[in-house]
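> Once you've had a glance at the structure underneath, I'll fire off some questions.
The values are calculated or read from the model by the stated rules, or taken from the named source; none is laboratory data. Just so it is clear, the structure is predicted and the values come from calculations on it, not from any experiment. Note that each Cβ is placed from the backbone with ideal geometry, even for glycine, and that neighbours are counted across all protein chains shown.
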Amino acid sequence: MAEAVERNLENSLNEILYIKKAKLFNKLEINEVIRKRRQHEYALQRRNKRVLDYDAYIATELAILKLIRIRRQKADDRRFTDKIEKSIISRLVRLHRQLCYRFQSRIDVWIRFVEMCKILGRHMSVVRLWNRILQVHGRTDPRLWAAAASYHLHENAKAKIRSSLRKMSGETDKLTEQQKKLRRELKALTRFVEEKNKNTVASIVEELRQNTEKLNQASDELARDRRLLWDRIYLEAIREARRLLTEGLSLNPDCKLLQLELVKLEAAAADFFSTRVVDRYDSVKEDSGPTTESMDVSGDPVPAVFKSKKRRKHVAKVVEDDNTQFMACVTEDVSFVASGKALKLVMESLLDQSPDDVKTLESLQLVASTVPHLVEDSLVVKLNEMLDILKTEPSQSHPPAEKVPILKQDEQRSCLTNRTVQLCQTVLSDGIPAALDLWDSWFTGTEQGIVKRDRFRYLNPEMPEAVGLLRSRLLLHSLQSSWSKIDLPGEQVITKQPMNSHQENEELQQKTRAWLDTLATSNWGQQSAEFWFHYICFERECGDCTRLPAIQWRASKTLQPEPYNRFVSLLNMNS
């Protein structure tokens, strides 16, 4: 532990030396910074890692960074910025990376890392982070797919455009300087030439003119890339956002949010293709629209009236080359997307899957109203009719779900209490096998009572009676697998038998585990900390102890924040 702490502190030694040289902190403040860092490093080396320890370390580093910037402003000193601030930022990135690795189930930890990288302008890191988040939590929270698609479509596209423009500006300046240099050399060579050096100078001049030609071609290509930059990057952003949303829908096919986001994306794509791609897709005309002939070779606006036919032909040729270059990057069916047919398919799919959801239909109507020229009138009429029917007949907009028993909560709790009592009486009178058979008749048999068969997973996990019934079922399994009752003439003898000694016990164990796995995919897995605690107790006492880490990991990924905190408390109290 001490070696790792001292090694991390030694890595910050150069940073401390530069802080001392810049006179940003005095000796006492430097000692305090080292003391706090050593304290935080020791806290991170504990066996039981905590998010609070990482948060405290990150807060300390942010406070140091803020104080350094304040001192720099007061002293108007910008020395060693790349040595001091860069070192602190790299430490912050390292802490966030370790935090995400240790607590992969915490979505808030990942999002904090993403936001920090956005503030630092590390957009490539943000892209890699989103890919990792979707790998870990792709099935946990479908909203992450929508957030990643939104980032690629907006923030990442803008960052790419700014970066490309800066790079192109630097390249343009270099080309301009090189062209000026070649012109000066040509002028110097052709001004005063002696008769004996004419052949040598002529070959040099020819070589310089060829280089000038190449520079002009490079300048033209750079200007073309600059003109097509926005459209190319936005086209790539639409493709990446569509890929993320469709992949998210393949993992979460019933998520209406992702379907609605896909509708919005297709509407934006249809608008983009109809305004920026269709004109390029068609043959180049002499008087094309402003979207294709709005700029000349240098990137300046082209005047409405040309002074010469030669200039007109030159600009038309440049525009035609631009269109050809851009259409080489387009792989979509332009007419299909631009006409709104792709949008129509997505909207019809959402209407078929959500015919009774008023909120989803209202959101869909709002999206359709933003692009009325791309949505067919028949589809709008159908959507309005469905909304009118749902609003006039609210009872039909929320039909009774087959999976959820229609009961008042008091009646349901009373029923569960009675069944728990009945189980206990059956154990005392007829034994554990009879009680297990009674349970099967309630929840896996053919009985259709107040609590229907195979509907235990749809009970409210927050009801104490439901949790008590779950605990009773697991207790029955534990007793059945550990003890057997032998009937003798005139008496009953209870004898203990080894676990899993009979085939019946193994079958019962597999059956109980499969039932618990089914409950884990329902509200029990999301809202009940007691369910996961009893699941762990079941595996520890009469199951497979090697499954305990996997169950804890599933609980951390499935439980909501408050139930998860209660689950951790239960584990700590019983450890």
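A quick yes/no check of all residues on (1) modelled with pLDDT under 85; (2) of a type outside the set (Asp, Glu); (3) assigned to a loop (DSSP other than H, G, I, E, B); (4) outside the structural domain of Pro461 (by TED's automatic domain parsing):
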{"position": "Met499", "(1), (2), (3), (4)": "yes, yes, yes, no"}
{"position": "Glu507", "(1), (2), (3), (4)": "yes, no, no, no"}
{"position": "Asp517", "(1), (2), (3), (4)": "yes, no, no, no"}
{"position": "Glu530", "(1), (2), (3), (4)": "no, no, no, no"}
{"position": "Cys537", "(1), (2), (3), (4)": "no, yes, no, no"}
{"position": "Glu541", "(1), (2), (3), (4)": "yes, no, no, no"}
{"position": "Thr546", "(1), (2), (3), (4)": "yes, yes, no, no"}
{"position": "Tyr564", "(1), (2), (3), (4)": "no, yes, no, no"}
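> A further question follows. I'd like the residue in segment 28-59 that is closer than 17 Å to Ile89 by Cβ and surrounded by 16 or more Cβ atoms within 10 Å (Cβ to Cβ) and, out of all such residues, is farthest from the chain's Cα centre (by Cα).
So, considering only residues that are closer than 17 Å to Ile89 by Cβ and surrounded by 16 or more Cβ atoms within 10 Å (Cβ to Cβ), the one farthest from the chain's Cα centre (by Cα) is Val33.
> Which residue, of Thr275, Thr246, is within 17 Å of Leu144 (Cβ to Cβ), of a type in the set (Val, Ile, Thr) and surrounded by fewer than 18 Cβ atoms within 10 Å (Cβ to Cβ)?
Details: Thr275 fails: within 17 Å of Leu144 (Cβ to Cβ).
Among Thr275, Thr246, only Thr246 is within 17 Å of Leu144 (Cβ to Cβ), of a type in the set (Val, Ile, Thr) and surrounded by fewer than 18 Cβ atoms within 10 Å (Cβ to Cβ).
> If we keep just the residues of segment 2-27 that are part of a loop (DSSP other than H, G, I, E, B) and in contact with an Asp or Glu (Cβ under 9 Å, 6 or more places away or on another chain), which is surrounded by the fewest Cβ atoms within 10 Å (Cβ to Cβ)?
We begin by selecting, within segment 2-27, every residue part of a loop (DSSP other than H, G, I, E, B); these are 12, 23-26.
Restricting the remaining residues to those that are in contact with an Asp or Glu (Cβ under 9 Å, 6 or more places away or on another chain) gives 23-25.
Working: Lys23: 11, Leu24: 23, Phe25: 18.
Result: Lys23.
> Still on this structure: Among the residues of segment 173-180, is any among the aliphatic types (A, V, I, L, M), at negative phi, surrounded by 13 or more Cβ atoms within 10 Å (Cβ to Cβ) and touching a residue at least 12 places away in the same chain (Cβ under 8 Å)? Step through it out loud before you land on a result.
Step one: list which residues in segment 173-180 are among the aliphatic types (A, V, I, L, M), which gives 175.
When the remaining residues are screened for being at negative phi, the result is 175.
Next, from what is left, pick out any that are surrounded by 13 or more Cβ atoms within 10 Å (Cβ to Cβ): 175.
When the remaining residues are screened for being touching a residue at least 12 places away in the same chain (Cβ under 8 Å), the result is 175.
Yes, because at least one residue in segment 173-180 is among the aliphatic types (A, V, I, L, M), at negative phi, surrounded by 13 or more Cβ atoms within 10 Å (Cβ to Cβ) and touching a residue at least 12 places away in the same chain (Cβ under 8 Å).
> Further question: Here are the criteria: (1) in contact with a Lys or Arg (Cβ under 8 Å, 6 or more places away or on another chain); (2) in a helix (DSSP H, G or I). Tell me which single one Ile64 does not satisfy.
Tallying (1) in contact with a Lys or Arg (Cβ under 8 Å, 6 or more places away or on another chain); (2) in a helix (DSSP H, G or I), Ile64 fails exactly one: (1).
Yes/no per residue for (1) in contact with a Leu (Cβ under 7 Å, 6 or more places away or on another chain); (2) modelled with pLDDT of 80 or more; (3) part of a helix (DSSP H, G or I); (4) not assigned by TED's automatic domain parsing to the domain that holds Met327:
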{"residue": "Ser169", "(1), (2), (3), (4)": "no, yes, yes, no"}
{"residue": "Leu175", "(1), (2), (3), (4)": "yes, yes, yes, no"}
{"residue": "Gln179", "(1), (2), (3), (4)": "yes, yes, yes, no"}
{"residue": "Leu182", "(1), (2), (3), (4)": "yes, yes, yes, no"}
{"residue": "Glu185", "(1), (2), (3), (4)": "yes, no, yes, no"}
{"residue": "Asn216", "(1), (2), (3), (4)": "no, yes, yes, no"}
{"residue": "Arg226", "(1), (2), (3), (4)": "no, yes, yes, no"}
{"residue": "Trp230", "(1), (2), (3), (4)": "no, yes, yes, no"}
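> Which of the residues that make up segment 210-268 are of a type in the set (Asp, Glu), over 26 Å from Gly138 (Cα atoms) and touching a residue at least 40 places away in the same chain (Cβ under 8 Å)? Spell out how you get there, then give the answer.
Step one: of segment 210-268, the residues of a type in the set (Asp, Glu) are 213, 220-221, 225, 231, 236, 240, 247, 254, 261, 266.
Adding the requirement that they be over 26 Å from Gly138 (Cα atoms) leaves 213, 220-221, 225, 231.
Of everything in segment 210-268, those that are of a type in the set (Asp, Glu), over 26 Å from Gly138 (Cα atoms) and touching a residue at least 40 places away in the same chain (Cβ under 8 Å) turn out to be Asp220, Asp225, Asp231.
> Still on this structure, please answer the following. From Gln135, Gln98, Gln104, Gln73, grab the single residue that is in the same structural domain as Ala22 (by TED's automatic domain parsing), part of a loop (DSSP other than H, G, I, E, B) and either more than 21 Å from Asn14 (Cβ to Cβ) or not basic (Lys, Arg) (or both).
Just one listed residue meets the conditions, Gln104.
> Can you tell which of Ile89, Ile30 is under 19 Å from Val109 (Cβ atoms), in a helix (DSSP H, G or I) and in the same structural domain as Trp110 (by TED's automatic domain parsing)? Full working, then the answer.
Numbers: Ile30 fails: under 19 Å from Val109 (Cβ atoms).
That would be Ile89, the only listed residue that is under 19 Å from Val109 (Cβ atoms), in a helix (DSSP H, G or I) and in the same structural domain as Trp110 (by TED's automatic domain parsing).
> Condition (residue is closer than 30 Å to Arg280 by Cβ and either surrounded by 13 or more Cβ atoms within 10 Å (Cβ to Cβ) or touching a helix residue (DSSP H, G or I) at 6+ places or on another chain (Cβ under 9 Å) (or both)) applied to segment 358-368: is it met by at least one residue?
Checked segment 358-368: at least one residue is closer than 30 Å to Arg280 by Cβ and either surrounded by 13 or more Cβ atoms within 10 Å (Cβ to Cβ) or touching a helix residue (DSSP H, G or I) at 6+ places or on another chain (Cβ under 9 Å) (or both).
> Does Val205 satisfy being touching a residue at least 40 places away in the same chain (Cβ under 8 Å) and either of a type in the set (Val, Ile, Thr) or touching a Ser or Thr at 6+ places or on another chain (Cβ under 6 Å) (or both)?
No: the conditions fail for Val205.
> Among (1) surrounded by 15 or more Cβ atoms within 10 Å (Cβ to Cβ); (2) modelled with pLDDT of 80 or more, there is one condition Ser484 misses while meeting the rest; what is its number?
(2)
> Go through segment 512-547 and report how many residues are under 30 Å from the mean Cα position of the chain (by Cα) and over 22 Å from Asn572 (Cα atoms).
The number of residues fulfilling the criteria is 7.
> Do we find a residue being among the β-branched types (Val, Ile, Thr) and over 18 Å from Ser150 (Cβ atoms) anywhere in segment 116-130?
Taking segment 116-130 as the starting set, the residues that turn out to be among the β-branched types (Val, Ile, Thr) are 119, 126-127.
Among the residues that remain, those that are also over 18 Å from Ser150 (Cβ atoms) are: none.
The answer is no; no qualifying residue exists.
> Any residue in segment 320-339 that's in contact (Cβ under 8 Å) with a residue 12 or more places away in the chain: show its pairings with residues that are among the polar types (S, T, N, Q) and part of a loop (DSSP other than H, G, I, E, B) at Cβ separation under 7 Å, as long as the two are six or more apart or on different chains.
Asn323/Thr292
> Right, something else. Which of the residues that make up segment 374-389 are within 17 Å of Leu343 (Cβ to Cβ), in contact (Cβ under 8 Å) with a residue 24 or more places away in the chain and not β-branched (Val, Ile, Thr)?
Correct list: Leu374, Glu376, Leu379, Lys382, Leu383.
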